[in-house]
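Below is one structure, written out as structure tokens; comments come after it.
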Amino acid sequence: MADFRKWILALAVLALMVVPASAQQVSCQAAATPTNVRAEGIAELVGETFISCTAGAESRVNIQIFLNTNVTSKIVQSTATAGVDTEALLLVNDNIGTAKQGILTAPQSLVWLDVVLPAGTTNNIRLSNIRANAAGVGAAPGVPNQIFEFISVSGVNVIPVPQAQLTVAFVQDGMTFESSDVDAPFQACIGRTAAEGPAFTLSYTENFAVAFKPQGNDAQVVPGEAYNTESGLTLVGNGIGVASSGTRVFARFSNIPTGVRIWVQTFNVGADATTPTLIANLDTTTGVTTSTSGNFREVAISNGTGTAVWEVELADPFDIDTLEFPVLVTFPTNLQLNVGVAPTQPGRVAGGFSPISTTFVASATAAVPRFIDDSEAVDVFQIAACVTNLLFPYVTNQGGFDTGVAIVNTSLDNATGSSGTPANQPFNTTTQHGVCNVYYFGAMGNGGQLPAPQTTVDIAAGQMVTFALSQGGVAGATSSAASFQGYIIARCNFQYAHGFAFISDVGANEVSHGYLALVIPDRGGSRPASPFGASGEQLVF
């Protein structure tokens, strides 16, 4: 009986010693290395998370994280699970050969199942390649907003993790876009060529270091290495961690008149480019034509809009970088504006990160990185119509008087206009042409309605049109100026218009008078060299 009692006691002690491995005590601590992310970014790499767990015996746990914004790590499906596998990786003791893919369980949550913790040691767990929708958090003035991560570790029971809420990213605006503008409007009748050089320059400046990053590649296999690229920790051959491209920036042109061509510099010419520590080249797959002018490439314009995109191929992670791209604006002489004779709406440009996306969740196909469009267009140039406004201050076809009017286009002043004149004399003006719109202000002798505006034929350089009020005004007009008295304004679609009026009793038998038309400054300001800001020639007095 005594021996039996001894065996009972020995078995009881053994039972206390043999506890299932899953019931062994596991203790964990967590920390993170927060990083700066772009507030415009939808798929931003947040800082890595480190979980240090100690187990008395080999243990199996599940590790889950929750963000305060959507997880946007690329979906890279695996045959190992039936879940939605992503590029987000978990490594135990930095053993990349046994890396686990995170499973997307909800828009804001990832889980790594059945993580084995070897016995009798401290197991260092690294969570990498977690991408987040920073645009969903947004930037704030002053202190940046934050992306928070909440950690859950569970085995048979939930395992408490001190510091289970971590900051993994600081969210701030990634870039400032600026563009110089043209001081004075271009003139439609004069034209511009590439030889005249850039019209303005686009500038993209980081708001923090490494806002601009190259793509990286699938050789980024060292855990903890600071690659400073758009790609994260990679696994060779399956696309895990590899970004779609380096940082890209776009320029979206709008309000471009028909006939105007836009050319952009194909590479960064900013101060950093001379080192070179910052390289960005034009992406020729994004709506840019194959026509080139030196180091410039033409932007395809459709319905007044067109876009150019550049990709960062090298950037200095220890500097605030600026990308600069000059822009050419060209158009032919005597450009026919499609907005009548008034100045065009300013040509505009907006700049920001590219590509633009509205996919705010994890995706297998959406680009990484990708961004919201928070750009604002700014005016960069204007093309003003070439016009001259002629004022005939008094004309009449009443009381037995009549007025004859002549309008001449004097833009022909070189050797082709006269015999024996030396070539290119006296001014070699660019020839222009266009119609004149004639407006009547005053009263009709019969009390009738004023004539509707009348339009002349196209007046070629060196040519003129004449008309008399008694004949109804401009030839072919649908309204009549017979019996009108008052003043006339003729707005001509070329710069060098001059006018003459001749008033007489019919037949000029007793009274006659002639005068030159005055030139009214053009509010379009297409000739700012004039003290009045006018595009037409001015009388000096």
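Here is how the numbers come out for the structure above:
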item: Criterion (crowded, with 16+ Cβ neighbours inside 10 Å and either more than 16 Å from the chain's Cα centre (by Cα) or more than 22 Å from Val312 (Cα to Cα) (or both)) met by exactly one of Thr205, Thr193, Thr229; result: Thr229
item: Residues satisfying the stated conditions in the stretch 272-324, i.e. out of contact with any Asp or Glu (no Cβ under 9 Å at 6 or more places or on another chain), under 28 Å from Phe208 (Cα atoms) and without any contact (Cβ under 8 Å) to a residue 60 or more places away in the chain; result: Thr274, Pro276, Thr284, Thr307
item: All positions within the stretch 134-150 that are of a type in the set (Gly, Ala, Ser), surrounded by 17 or more Cβ atoms within 10 Å (Cβ to Cβ) and at pLDDT below 95; result: Ala139
item: Tally of residues being surrounded by 21 or more Cβ atoms within 10 Å (Cβ to Cβ) and modelled with pLDDT of 80 or more across the stretch 335-347; result: 2
item: Qualifying positions in the stretch 508-520 - of a type outside the set (Gly, Ala, Ser) and either assigned to a strand (DSSP E or B) or modelled with pLDDT of 95 or more (or both); result: His513, Tyr515, Leu516, Leu518, Val519, Ile520
item: Any pair with Cβ under 6 angstrom, 6 or more apart, that starts in the stretch 103-131 at a residue that is among the hydroxyl-bearing types (Ser, Thr, Tyr) and ends at one that is surrounded by 15 or more Cβ atoms within 10 Å (Cβ to Cβ) and in a strand (DSSP E or B); result: Thr105/Val111; Ser109/Phe66; Thr122/Thr54; Ser128/Leu89
item: Residue that is at pLDDT 95 or above and either in the same structural domain as Thr72 (by TED's automatic domain parsing) or among the aromatic types (Phe, Trp, Tyr) (or both), where the choices are Asn93, Asn123, Asn129; result: Asn129
item: Scope the stretch 50-71; condition part of a strand (DSSP E or B) and surrounded by fewer than 22 Cβ atoms within 10 Å (Cβ to Cβ); matching residues; result: Phe50, Ser52, Thr54, Arg60, Asn62, Gln64, Phe66
item: Test: Gly351 is assigned by TED's automatic domain parsing to the domain that holds Leu202 and in a strand (DSSP E or B); result: yes
item: Looking only at the stretch 368-401, and only at residues there that are β-branched (Val, Ile, Thr), outside any strand (DSSP E or B) and buried (at least 22 other Cβ atoms within 10 Å of the Cβ), the one that is modelled with the lowest pLDDT; result: Val387
item: Residues located in the stretch 95-110, provided they are crowded, with 17+ Cβ neighbours inside 10 Å and either out of contact with any strand residue (DSSP E or B) (no Cβ under 6 Å at 6 or more places or on another chain) or over 14 Å from Leu233 (Cα atoms) (or both); result: Ile103, Leu104, Gln108, Ser109, Leu110
item: The stretch 229-255, residues that are modelled with pLDDT under 95, assigned to a loop (DSSP other than H, G, I, E, B) and on the phi < 0 side of the Ramachandran plot; result: Thr234, Val236, Asn238
item: Per-region count, the stretch 148-185, residues under 35 Å from the mean Cα position of the chain (by Cα) and in a loop (DSSP other than H, G, I, E, B); result: 8
item: Leading residue by the ranking (farthest from Thr333 (Cα to Cα)) among those in the stretch 402-456 that are in contact with a Pro (Cβ under 7 Å, 6 or more places away or on another chain) and at pLDDT below 90; result: Ala415
item: Test for Asp114: is it exposed (fewer than 14 other Cβ atoms within 10 Å of the Cβ) and more than 22 Å from Ala32 (Cβ to Cβ); result: yes
item: Conditions (1) free of Cβ contacts under 8 Å to residues at least 60 places away in the same chain; (2) buried (at least 16 other Cβ atoms within 10 Å of the Cβ); (3) farther than 18 Å from Thr33 by Cα; number of the one not met by Val92; result: (3)
item: Qualifying residue in the stretch 27-37 (condition: surrounded by fewer than 18 Cβ atoms within 10 Å (Cβ to Cβ) and at pLDDT below 85); result: no
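The values are calculated or read from the model by the stated rules, or taken from the named source; none is laboratory data. Bear in mind the structure is a predicted one, so any value in this text is a computation, not a measurement. Cβ coordinates were reconstructed from backbone atoms using ideal geometry, including for glycine residues, and neighbour counts include every protein chain displayed.
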